[in-house]
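S.K.: Let me give you the structure first, and then I'll get to my questions.
The values are calculated or read from the model by the stated rules, or taken from the named source; none is laboratory data. All values reported here derive from a predicted model rather than from experimental measurement. So basically every Cβ, Gly included, is an ideal-geometry build from the backbone, and we count neighbours across all protein chains shown. Note: accessible area is taken over every heavy atom of the protein model, side chains too, but ligands, DNA and RNA are not part of it. Shrake-Rupley method; radii C 1.70, N 1.55, O 1.52, S 1.80 Å.
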Amino acid sequence: MGRMFNPPHPGETLKEDVLPTLGLTVTEAAQQLGVTRTALSRVLNGHAAISPEMARRIEALQAMRDRITFEQADAFEVVQRYADDANAFFFVDPPYTAGGKKAGARLYTHNEIDHEGLFALMASVRGSVMLTYDDAPEVRSMAERHGFRIEPVPMKNTHHEVIRELLILKP
């Protein structure tokens with residue numbers, strides 16, 4: 001009689017192969033999967049089964065990851081490289097230094113941004129665009145001048161005050 005094979009729990013594969021490949025912590029993966037960290041930890045440690053719903057969510061997460069390119073590089077160079085791709089989606093979150101704001105200068109080493117140039121470049125790309133900015137008159141003016149749609153969104157700052165930021169969108 002042959003030896004019985006005891007395959008590893010699927011959570012072990014997730015823990016050792018999938019999460020590191022996706023570059024996710026347990027907390028980040030739980031958030032993206034829409035489950036509690038405790039529930040995901042129970043699966044990863046072999047104490048709970050993977051439900052069919054969680055399996056579908058993991059599959060969707062993996063499929064989405066394969067369609068996204070993250071680059072830590074000069075935004076102007078990256079955007080120019082993909083500017084003619086109508087299927088590209090550009091998300092840019094520049095340091096908030098427009099209109100004399102100092103937060104970006106305090107938080108980022110490379111905070112000197114040509115905001116007008118960034119708006120002109122993003123207006124010229126074929127793909128979709130989302131920029132995030134502080135809600136400042138100068139920012140609204142640049143967005144309007146370059147034909148972007150502006151959506152104010154509430155957020156909390158580090159002092160837990162509700163302030164408004166802008167999503168600047170194309171189309």
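S.K.: All but one of (1) within 27 Å of SER128 (Cβ to Cβ); (2) of a type in the set (Val, Ile, Thr); (3) open to solvent by less than 40 Å² (accessible area, probe 1.4 Å) hold for VAL26; state the number of the condition that does not hold.
M.R.: Status for VAL26: all satisfied but (1).
S.K.: Could you please tell me which pairs satisfy a Cβ distance under 8 Å, a separation of 6+ or placement on different chains, a first residue in segment 144-158 that is touching a residue at least 24 places away in the same chain (Cβ under 8 Å) and on the phi < 0 side of the Ramachandran plot, and a second residue that is in a strand (DSSP E or B) and of a type outside the set (A, V, I, L, M, F, W, C)?
M.R.: Pairs that qualify, where the first residue is touching a residue at least 24 places away in the same chain (Cβ under 8 Å) and on the phi < 0 side of the Ramachandran plot and the partner is in a strand (DSSP E or B) and of a type outside the set (A, V, I, L, M, F, W, C), are PHE148/LYS170.
S.K.: Something else: Hey, any hits in segment 88-95 for a residue that's more than 20 Å from PHE70 (Cα to Cα), surrounded by 12 or more Cβ atoms within 10 Å (Cβ to Cβ), in contact with a strand residue (DSSP E or B) (Cβ under 8 Å, 6 or more places away or on another chain) and at pLDDT below 95? Steps first, please.
M.R.: Of segment 88-95, the ones more than 20 Å from PHE70 (Cα to Cα) are none.
Looking for residues that are more than 20 Å from PHE70 (Cα to Cα), surrounded by 12 or more Cβ atoms within 10 Å (Cβ to Cβ), in contact with a strand residue (DSSP E or B) (Cβ under 8 Å, 6 or more places away or on another chain) and at pLDDT below 95, one finds none in segment 88-95, hence no.
S.K.: Only one of (1) of a type outside the set (Asp, Glu); (2) modelled with pLDDT of 80 or more; (3) open to solvent by less than 60 Å² (accessible area, probe 1.4 Å) is not met by ARG37, so which one is it?
M.R.: It fails just one condition, (3).
S.K.: Can you list residue pairs whose Cβ atoms sit under 6 Å apart, with the first residue in segment 59-73 being within 17 Å of LYS15 (Cα to Cα) and the second being aliphatic (A, V, I, L, M) and surrounded by 10 or more Cβ atoms within 10 Å (Cβ to Cβ)? Count only pairs 6 or more apart in sequence or on different chains.
M.R.: ARG65/LEU22
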